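These notes concern the structure reproduced below.
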Amino acid sequence: MSDEKKAYRFLTGPDDAAFCQRVSDALREGWVLYGPPLMQVDADGNRHCGQAVVLPEFLSTYSEN
């Protein structure tokens, strides 16, 4: 397994403070947001979030032209 940092991450979790903290931590570590956040509500009304982040040096790789 490689120790090299991946260029892209998709963070997921329940819509709670812990998820927001994970996104905030990624931003502090140098990641940048890629696209809008996503939210899905299941049949029980639980909200689940997702947010893609990329390293800035790879942003042009993932940008839509």
(message) I'd like the orientation of helix 17-28 relative to the chain: the angle between its Cα long axis and the longest Cα principal axis, in ° from 0 to 90, rounded to 10.
(response) 10
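Given the -39500 (n - 2.57) contribution per DSSP H run of 4+ residues, what per-residue ellipticity at 222 nm results for the chain, rounded to the nearest 500 deg cm²/dmol?
Calculated from helices alone, the mean residue ellipticity at 222 nm is -6500 deg cm²/dmol.
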(message) I want the local charge near Gly45. Using Cβ-Cβ distances under 15 Å, sum +1 for each Lys or Arg and -1 for each Asp or Glu among the other residues.
(response) -3
(request) Count charges around Gly13 for me, please; just the other residues with Cβ under 13 Å from its Cβ, Lys/Arg as +1, Asp/Glu as -1. (result) 0
(request) Would you kindly find the accessible area of Leu27, with a 1.4 Å probe and non-protein molecules such as ligands, DNA and RNA excluded, rounding to the nearest 10 Å²? (result) 70
(message) Above 14 Å lies some portion of the pair distances; for the chain, what is it as a whole percent of all C-alpha pairs?
(response) 60
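The values are calculated or read from the model by the stated rules, or taken from the named source; none is laboratory data. Being a predicted model, the structure only gives us computed values, none of them experimental. A quick note on method: Cβ atoms are made from the backbone with ideal geometry, for glycine too, and the neighbour counts reach across all protein chains shown. Accessible surface is based on the protein model in full, side chains and every heavy atom, while ligands, DNA and RNA are left aside. Shrake-Rupley method; radii C 1.70, N 1.55, O 1.52, S 1.80 Å.
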